[in-house]
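The numbers here are math on the coordinates, done by the rules we state, and not lab data. Here the structure is a predicted model, which is why all the values come from computation and not from measurement. With ideal geometry, Cβ positions are generated from the backbone for all residues, glycine too; neighbour counts draw on all protein chains shown.
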Amino acid sequence: MWLVSYITNRSLSAPSAVKGELTADDAGGMAVASSGEHKELEFCVPYGFSSVPPERERAVVLPLDDGEVGMGVLRADGSLEEGEVKLFSAGGASLVLKNDGSVQINGTRVLVNGREVGND
């Protein structure tokens, strides 16, 4: 995520930000195990989105003046072209907004400018 890189490089010293593997904590929330354990994390997401990242994803934690916040998980899907957007679930459902104006739902390209295009 460019935002994590931007914030880490320009706003905070690199040693303050940590990344590690997500686990469930004792209180039923999320924790990140890195050089230490960061418990009871809240995650930042854009307005209108809600997500609970699955365990074992690699996440970034940033310090705040009153605790810590999970910035998100590190992107693992390298199949997108620059400018494309993908929403997906752990169960395999996906929605991809392609650069040619088409939409893929679970791998099937459905429409471009109101006409059917077919499968990839």
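For this structure, a couple of remarks:
- Summed side-chain charge close to Gly20 - residues other than Gly20 whose Cβ falls under 14 Å, Lys, Arg +1, Asp, Glu -1: -2
- Each residue of the range 35-45 is assigned a 3J(HN,Hα), and the resulting list reads 5, x, 9, 10, 9, 6, 7, 9, 10, 7, 9 Hz, derived from the Karplus form 6.51 cos²θ - 1.76 cosθ + 1.60 (θ = phi - 60°), x at Gly and Pro.
- For the range 38-94: rounded, prolate or oblate by the Cα gyration tensor [a/c cutoff 1.5]: prolate
- Other residues within the sphere of radius under 13 Å centred on the Cβ of Glu42, judged by their own Cβ, net out at -3 (K and R +1, D and E -1).
- Straightening the chain between Ser79 and Val52 buys 7.5 nm, computed as 0.36 nm per residue apart minus the Cα-Cα spacing.
- Count Lys and Arg as plus one, Asp and Glu as minus one, and take only other residues whose Cβ is under 11 Å from that of Gly29; the net charge is then -3.
- Each residue of the range 89-96 was assigned a 3J(HN,Hα) from its phi angle through the Karplus curve 6.51 cos²θ - 1.76 cosθ + 1.60 (θ = phi - 60°); the sequence is 10, 5, x, x, 5, 8, 9, 10 Hz, with glycine and proline shown as x.
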